[in-house]
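Asks: Can you keep this structure in mind? I'll have questions shortly.
The values are calculated or read from the model by the stated rules, or taken from the named source; none is laboratory data. The shown structure was predicted, so the numbers you read here are calculated from the model rather than taken from an experiment. Positions of Cβ are generated from backbone atoms using ideal geometry, with glycine treated the same way; all protein chains shown enter the neighbour counts.
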Amino acid sequence: MTLNTLQNDVILLFVFLLIGFAIREIIKPLQKLYIPASVIGGAIALIAGQQVLGLVTIPESWGSMSGVLINLVMTAMVFGVTIKKARVRLYLDYAAFILFGYGVQIAAGVGIGMLLQRFWQGLPHGWGLMSVFAFWGGHGTVAAAGAVFEEYGVADNTGMGMILATFGMILAIVVGMVIVNWGIRKEYAKHLTDENKSKTPRLSGAIPKEEQNHIGSQTVSALSINSLALQLGFLLLALFIGMKLVGFIVTFIPALAQIPVQVRGMIGAVILWPILRKLKLDGYTDKASMNTLSGFCLEIIICSAIATLRLDLVTTYMVPILIMTGIITVMMIFFCIYFGKHLCKQDWFEKCLLFFGQGLGNTSTGLALVRCADPEMKSTAYEASGIGSTIILPITGTFPALMPILIMTSELQVVGIGILIAIVCIILGRIFFWQKS
């Protein structure tokens with residue numbers, strides 16, 4: 001492949017990404033389901049491609065984009081994260097809540113996947129694990145875990161995960177809105193008043209100038225280096241450090257050669273960030289810019305992954321996919337209402353909505369549901385989302401890369417890990433946070 005060929009492939013991808021954006025701006029139901037333009041654009045490309053209409057030829061390079069760009073996304077996820085002890089104590093209840101749900105989804109997803117493999121021959125090995133990454137992490141996390149599975153020769157799990165993630169995102173909003181309305185009627189939404197009930201989050205259109213947020217800050221003079229290029233340099237340096245370090249260790253412990261590239265980038269970020277802080281060079285970094293780079297890569301990853309889905313997976317395995325989705329959805333409804341009410345001391349209903357949205361769609365979906373019950377953002381759910389997710393980041397950030405490795409050895413040990421996480425969280429929650437009805 002030449003640079004010119006790659007340029008043409010990227011041009012075509014962004015054409016479909018813009019088509020997806022335009023369609024989302026025009027069709028209101030897609031906005032209310034919070035389906036991103038990358039998913040819509042990828043679906044249009046899939047339909048227009050050689051698998052359906054044959055109007056365009058989807059380039060082969062699209063199939064490998066996620067495996068490369070996800071390394072940058074995973075590195076950006078942990079770079080610059082500093083957990084402050086004083087803040088941790090305030091939101092441990094929600095951290096225990098979401099980690100409990102995460103552990104249950106691991107155990108249930110893999111267990112259901114193993115059971116359904118007895119009835120449907122040909123289901124990819126470890127496909128049940130993709131449910132937690134699809135429902136809890138969304139399309140981007142699916143790409144990360146799928147890239148690891150592909151290294152072990154299980155390519156179909158990426159497609160299975162993308163289908164599950166799409167179903168989960170839709171159900172998170174549809175079922176989530178039912179829970180919102182139920183909670184409002186029960187008067188659980190304490191921050192919702194008659195005045196702000198009509199307020200809704202912006203779903204489309206250009207954001208007014210006065211409401212626009214910065215996607216990053218310039219940390220150095222443009223005469224020296226473009227600030228965005230500098231932030232990309234830090235991320236790639238972290239990736240370089242992780243790859244070289246693991247490569248060096250592998251010469252002594254060959255078994256570690258199985259560590260995926262994205263984990264190596266995370267290791268490099270964990271090493272580089274404290275060094276920059278110690279040398280007082282952290283002022284050159286900008287987390288917002290790194291998140292922008294990560295989000296940019298995710299748009300490409302999701303669009304290309306959806307566009308290259310194997311449609312035979314959908315037709316062949318639709319029944320087990322629907323069974324998996326249905327069971328997990330019912331579980332999440334019960335967990336978010338029962339355990340949310342008992343585990344979360346303050347603003348339990350808003351945190352319940354956040355939990356449900358995160359556990360079936362992604363953080364953005366969860367926040368969208370919270371906005372329906374708390375449009376003026378007075379509850380602690382918003383801050384709990386950031387702090388709680390940061391607390392459990394060592395698990396949710398590394399498991400998409402580590403769990404596929406473990407499940408290739410034994411599915412039962414992954415079920416055991418999920419059960420252990422859930423049991424520990426519920427015991428701690430029962431001791432420290434449990435609220436009486």
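Asks: Hey, does region 75-93 have a residue that's modelled with pLDDT of 80 or more, closer than 30 Å to Ile431 by Cα and in contact with a Leu (Cβ under 8 Å, 6 or more places away or on another chain)?
Replies: Within region 75-93, one or more residues are modelled with pLDDT of 80 or more, closer than 30 Å to Ile431 by Cα and in contact with a Leu (Cβ under 8 Å, 6 or more places away or on another chain).
Asks: Quick check on Ser289: is it within 18 Å of the chain's Cα centre (by Cα) and not hydrophobic (A, V, I, L, M, F, W, C)?
Replies: On the way: within 18 Å of the chain's Cα centre (by Cα): no; not hydrophobic (A, V, I, L, M, F, W, C): yes.
No.
Asks: I would also like to ask the following. Which condition breaks for Thr193 when tested against (1) surrounded by 11 or more Cβ atoms within 10 Å (Cβ to Cβ); (2) at pLDDT 80 or above?
Replies: (2)
Asks: A follow-up question, please. Output the number of residues of region 154-179 satisfying the condition of being touching a Leu at 6+ places or on another chain (Cβ under 6 Å) and either of a type in the set (Val, Ile, Thr) or not in a helix (DSSP H, G or I) (or both).
Replies: 2
Asks: Wholly within region 329-437, which helices (runs of 4 or more DSSP H) include no fewer than the required count, namely at least 3 residues that are modelled with pLDDT under 75 and out of contact with any strand residue (DSSP E or B) (no Cβ under 7 Å at 6 or more places or on another chain)?
Replies: Details: elements: 348-360, 363-373, 381-391, 393-396, 399-409, 411-432.
In region 329-437, the matching helices (runs of 4 or more DSSP H) lie at 363-373, 381-391.
Asks: Something else now. (1) within 28 Å of Ile35 (Cβ to Cβ); (2) of a type outside the set (Phe, Trp, Tyr); (3) assigned to a helix (DSSP H, G or I); (4) within 27 Å of the chain's Cα centre (by Cα): which one isn't true of Glu210, the others all being true?
Replies: (4)
Asks: Output the helices (runs of 4 or more DSSP H) that fall wholly within region 1-83 and possess 2 or more residues being free of Cβ contacts under 8 Å to residues at least 24 places away in the same chain and more than 30 Å from Gln358 (Cα to Cα), or say none. Write out each step before concluding.
Replies: On the way: elements: 3-26, 28-32, 37-48, 62-78.
It comes to 3-26.
Asks: Does region 43-61 hold any residues that are among the small types (Gly, Ala, Ser) and within 26 Å of the chain's Cα centre (by Cα), and which are they? Give the derivation first.
Replies: Start the filter on region 43-61 by keeping residues that are among the small types (Gly, Ala, Ser), which leaves 43, 45, 48-49, 54, 61.
Within region 43-61, Ala43, Ala45, Ser61 qualify.
Asks: Taking region 122-137 as the search range and keeping residues that are touching a residue at least 40 places away in the same chain (Cβ under 8 Å) and of a type outside the set (A, V, I, L, M, F, W, C), which one is surrounded by the most Cβ atoms within 10 Å (Cβ to Cβ)?
Replies: It comes out as Gly128.
Asks: If I go through region 264-319 residue by residue, how many of them are part of a helix (DSSP H, G or I), under 24 Å from Thr57 (Cα atoms) and among the β-branched types (Val, Ile, Thr)?
Replies: From region 264-319, those part of a helix (DSSP H, G or I) are 264-278, 282-284, 287-307, 311-319; that's our starting set.
From the residues that got through so far, the ones that are under 24 Å from Thr57 (Cα atoms) too are 296-307, 311-316.
From the residues that got through so far, the ones that are among the β-branched types (Val, Ile, Thr) too are 300-302, 306, 314-316.
Looking only at that region, the number is 7.
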